[in-house]
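Below: one structure, written as structure tokens.
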Amino acid sequence: MAGGGTLDWLPVQHVEPASQLALLITSRDEPGTLYRVSEVIYRHRANISYIATSAVGETQIELEHVEDPPRLMAELEALEVVTSVKPVPSFQQIFGKRVIVIGGGAQVGAVAQGAISEADRHNIRGERISVDTIALVGEDRLAAAVRAVARLHRATVLVLAGALMGGDITTAVQEIQEAGIIVICTSMAGSLVQSADLVVSDPLEAGVMAVMAIADTARFSIDKVRGRRF
């Protein structure tokens with residue numbers, strides 16, 4: 001960590017629990033296809049934890065509580081609307097936890113630089129952390145983007161970077177904190193700094209600390225610094 005810190009560099013192995021299964025299903029693009037697929041999954045009493053479709057007739061479905069994966073896959077392949085079914089790594093295994101960076105362009109770039117550099121240090125040792133950014137201005141647009149973070153798959157920490165944020169943005173931050181999202185912000189004017197879990201003056205350092213807060217390979221606890229300013 002820039003500025004000092006204690007790291008645990010023990011390798012991290014991300015392995016799917018035995019009861020979890022990620023499948024890439026190729027099927028016909030027609031009404032009722034998803035219903036037929038989900039019906040088979042329901043009969044196996046498995047839970048769909050994530051689903052994403054593409055424009056080429058492919059659907060990635062991530063399941064929990066799968067008791068008999070071979071039988072489930074065989075029944076899915078037997079469906080008339082399904083072309084193929086194959087197991088794939090989950091998005092958690094491939095991309096891991098997500099750091100989301102939102103705010104003014106120049107500061108977002110600095111935060112992203114710090115987050116990407118720190119994520120590289122952890123990922124090379126077995127961690128999986130990815131960084132997503134978007135430069136936005138305006139209270140309404142920023143508040144909507146903040147609220148959307150709680151709906152993003154694998155999002156675990158949000159960094160807000162700018163010169164002035166408050167009002168509905170602060171309300172949105174409080175809402176996603178209740179959903180378990182860690183919120184870090186740069187030092188700025190406005191009420192946001194009173195609600196963020198951590199306030200960091202240097203944007204680059206804010207990105208570094210965002211990664212440290214969620215990395216399994218770092219000895220850093222957000223609970224020990226929550227409410228502080230650096």
Selection from segment 119-138 of residues that are farther than 16 Å from ARG154 by Cα, in contact with an Asp or Glu (Cβ under 9 Å, 6 or more places away or on another chain) and among the small types (Gly, Ala, Ser): GLY126
From VAL101, VAL131, VAL108, residue being surrounded by 18 or more Cβ atoms within 10 Å (Cβ to Cβ), in contact with a Lys or Arg (Cβ under 8 Å, 6 or more places away or on another chain), assigned by TED's automatic domain parsing to the domain that holds MET209 and not aromatic (Phe, Trp, Tyr): VAL131
Which numbered condition CYS185 misses (of (1) modelled with pLDDT of 95 or more; (2) over 17 Å from the mean Cα position of the chain (by Cα); (3) farther than 15 Å from VAL111 by Cβ; (4) not aliphatic (A, V, I, L, M)): (3)
Sole exception among (1) within 14 Å of VAL101 (Cα to Cα); (2) modelled with pLDDT of 95 or more for GLN174, by number: (1)
Every residue from segment 21-35 that is in a loop (DSSP other than H, G, I, E, B) and under 11 Å from LEU79 (Cβ atoms): ARG28, GLY32
Residue within segment 78-96 that is over 28 Å from VAL173 (Cβ atoms), among the small types (Gly, Ala, Ser) and surrounded by fewer than 17 Cβ atoms within 10 Å (Cβ to Cβ) present: yes
Filter result for the condition that a residue is without any contact (Cβ under 8 Å) to a residue 40 or more places away in the chain, surrounded by 18 or more Cβ atoms within 10 Å (Cβ to Cβ) and over 30 Å from PRO203 (Cα atoms), over ILE41, ILE51: ILE41
Residue selected from segment 143-164 under the condition touching an Asp or Glu at 6+ places or on another chain (Cβ under 8 Å) and over 16 Å from VAL99 (Cβ atoms), by the criterion surrounded by the fewest Cβ atoms within 10 Å (Cβ to Cβ): ARG147
Residue, farthest from ARG128 (Cα to Cα), within segment 192-230, restricted to residues that are among the hydroxyl-bearing types (Ser, Thr, Tyr) and surrounded by 16 or more Cβ atoms within 10 Å (Cβ to Cβ): SER195
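The values are calculated or read from the model by the stated rules, or taken from the named source; none is laboratory data. Bear in mind the structure is a predicted one, so any value in this text is a computation, not a measurement. Please note: Cβ atoms are built from the backbone with ideal geometry, for glycine as well, and neighbour counts cover all protein chains shown.
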